[in-house]
1. Sorted by mean Cβ packing within 10 Å, highest first, what order do the peptides 52-62, 80-90, 35-45 take?
2. With the radius of gyration and the Kirkwood radius both derived from the Cα set of region 57-110, what is their ratio Rg to Rh?
3. So, in Å, what gap is there between the alpha-carbon centers of region 46-62 and region 73-97?
Amino acid sequence: MLKALIALFLYISMPVSAVEKPEGAVYCHGKTVVEYRLVNPGQNGTASDVDLTVNGKTSRYMTSYSWFGSNQPTPKKFQFAILGEKQFDPLLIFDTYLVDAKKRKYTKCN
């Protein structure tokens with residue numbers, strides 16, 4: 001019985017979500033740290049889904065490789081958009097930086 005209680009205590013005291021170690025390029029703006037990883041990329045280097053990690057918490061989102069504004073030219077060095085949530089809907093991916101929906105620029109920090 002004592003062993004069961006100790007095991008239960010250890011299980012309950014474990015963190016609910018683990019902070020993941022960055023696997024690729026990491027982008028920062030202030031205290032916000034962002035990383036993305038394409039899920040099952042094709043031969044052309046594109047993928048329909050991406051794992052987006054914000055401050056150590058990862059979620060899966062869809063991607064879009066076309067520019068949204070039909071009357072606007074595509075910005076230079078635009079690669080694709082991550083269709084996330086809140087400030088990351090969309091998260092625009094450029095060749096050397098990211099831009100969120102609030103127009104905050106994230107630069108490489110690793």
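1. Working: 52-62: 14.8, 80-90: 17.1, 35-45: 12.9.
By packing density, highest mean first, the sequence is 80-90, 52-62, 35-45.
2. Details: Rg = 11.3 Å, Rh = 11.7 Å.
Looking at region 57-110, the ratio lands at 0.96.
3. Taking the Cα centre of region 73-97 as reference, the centre of region 46-62 is 13 Å away.
Coordinate-derived values only; no laboratory data. Remember, it's a predicted structure, so these values are computed and weren't measured experimentally. In this analysis, Cβ positions are derived from the backbone assuming ideal geometry, glycine residues included, and neighbour counts consider all displayed protein chains.
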